[in-house]
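Have a look at the structure below, then the notes.
We did not get these values from a lab; they are worked out from the coordinates using the rules stated. Small disclaimer: the values here were computed from a predicted structure and weren't measured. Cβ atoms come from the backbone with ideal geometry, glycine included; neighbour counts cover every protein chain shown.
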Amino acid sequence: MKTVLSRILTAAVLAVGLAGAAGVPAADAVVKAQTTPDQQQVLSQAERYINSIGTLQARFLQLSSTGHSVEGDVFMHRPGRMRLEYEDAPILMVANGRHLIYVDQQLDQVSYLGLDQTPVGVLLRPNVSFADPDITVTAVRRASNVAEIDVVQTKDPGAGMLTLVFTEQPFELRQWRVRDAQNVETAVSLFNARTGMDLPGSLFQFSESRDRLNPMGRK
């Protein structure tokens, strides 16, 4: 199930089009990036930007390297909470502060995974710091007003590589990508993103009647 979740999360990456990440590194091959002052500035900007987000709402386009694509809406309430509603797909993901809950209506299946077991959990931490020993920055890239940061979990890099993609003028999160152990990459691109709005707490609470029977959140 971890592989299925990782592939779906990968599809949530924002596709901006810099060089693709390599496959997920083996546990004994994780090497922390030796950053230049210029790259360190990118890391500092990314930390400030992510930590400044209280709430966020956006449309997303999810693309997978297997050729699948789907659109939907994403809601984020940091720390710990996120909801991805997929349009025309019987799938829902809800992060409720402790777990990532994956609902597949087609299979009539609900699965739970600890947020600290998922690459995207990095975005939902109370305080995002790339100096945190629990995560390892393996690469920082800049090109054409776009910056990318590759991150893996230090103790479990095989859980997936997370790539965060930012535009620099203004500095904003535009994409995240996840590449799993099978080298399948999923990218989620954000559009029409807004921040600072009130979001109902019920969005981030899994409801058997509402979300399992109607996982796309449509009335």
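Things to note:
- All other residues whose Cβ lies under 13 angstrom from that of Leu124 are scored, Lys and Arg at +1 and Asp and Glu at -1, for a net of +4.
- As computed over the range 132-178, the Cα convex hull volume per residue (Å³): 66
- The calculated FRET efficiency for Lys155 paired with Gln34, based on their beta-carbon distance and R0 = 25 Å, is about 0.75.
- For Ala193, neighbours were defined as the other residues whose beta-carbon sits under 12 Å from its Cβ, and their charges (Lys and Arg +1, Asp and Glu -1) total +1.
- With the highest mean first, a sort of the peptides 179-189, 41-51 on other beta-carbon atoms found within 10 angstrom per residue produces 179-189, 41-51.
- Distance between the range 159-211 and the range 25-98 - C-alpha centres, whole angstrom: 4
- Principal semi-axes in Å for the range 24-145 [√(5λ), Cα gyration tensor, largest first]: 28, 17, 16
- Summing Lys and Arg as +1 and Asp and Glu as -1 over all other residues whose Cβ lies under 10 Å from the Cβ of Gly80 gives a net charge of +4.
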